[in-house]
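Quick notes on the structure that follows.
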Amino acid sequence: MQTEIKFAGFGGQGILLSAKLLAYAAMKQGSFVAWVPSYGPEMRGGTAYCTVVISDKLIGSPIIKNPTHLVAMNRPSLEKFVDDVKPGGIVFINKSLIPGGSDRTDIIKLEVPINEIAIKAGSVRAANIVALASFAAKSKLVDLDLLKDCIKGEFAAKAKIIPLNMKAFDEGVNFANNN
């Protein structure tokens, strides 16, 4: 089975990192993985996006027109990509920056107040970890403990921010499991 996830948001929101962490956890789980980032002028505040393909078979092409899921961290990203998501897919919506969500009725919508949860965890800079954790908990694509270990590994050189990211992770998972 193959699953495609598009992560999208403003440059600087940690979009590429979130996608990389999900891809890394899937790879450690034994899946075939493709990680295709898109960055350039987006890094200056435009819409940055990244596609992750997770499969139990070799991946024929990492270029995906219609992803299974979308993680939208801002309104321009939601508007640009929501119509491409396959029916039945999960559309993760950062409710902090996207009031109103999406009108689609053939998708599973997970609206999470990411910024507020990240601030409660200790810093708005952990918003991407809250989003990743919420999406991972809802989609069940990777083992959450394995994903946590990948996050710890990513921030090993900055050990003092690991507790913040672990708290953000737990808060994101808790929100997804209770909503």
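Mind listing whichever residues of segment 116-126 are open to solvent by 10 Å² or more (accessible area, probe 1.4 Å) and either under 14 Å from the mean Cα position of the chain (by Cα) or basic (Lys, Arg) (or both)?
Lys120, Arg125
Do we find that Leu97 is open to solvent by 10 Å² or more (accessible area, probe 1.4 Å), touching a helix residue (DSSP H, G or I) at 6+ places or on another chain (Cβ under 8 Å) and outside any strand (DSSP E or B) in this structure?
In short, yes.
Which residue pairs have Cβ atoms closer than 6 Å, lie 6 or more positions apart in sequence or on different chains, and pair a first residue in segment 154-179 that is touching a residue at least 12 places away in the same chain (Cβ under 8 Å) and farther than 14 Å from Lys120 by Cβ with a second residue that is of a type in the set (D, E, K, R) and part of a helix (DSSP H, G or I)?
Ala176/Lys138
Would you tally the residues in segment 100-110 being without any contact (Cβ under 8 Å) to a residue 40 or more places away in the chain and surrounded by 18 or more Cβ atoms within 10 Å (Cβ to Cβ)? Spell out the reasoning first.
Here is the first cut: in segment 100-110, the ones without any contact (Cβ under 8 Å) to a residue 40 or more places away in the chain are 100-109.
Filter once more, so that each one left must be surrounded by 18 or more Cβ atoms within 10 Å (Cβ to Cβ): 102.
Going through segment 100-110 one residue at a time, the tally reaches 1.
The values are calculated or read from the model by the stated rules, or taken from the named source; none is laboratory data. Predicted, not measured: the structure shown is a model, and the values here were computed from it. In this analysis, Cβ positions are derived from the backbone assuming ideal geometry, glycine residues included, and neighbour counts consider all displayed protein chains. In case anyone asks, the SASA skips ligands and DNA or RNA and just uses the protein heavy atoms, side chains included. Shrake-Rupley method; radii C 1.70, N 1.55, O 1.52, S 1.80 Å.
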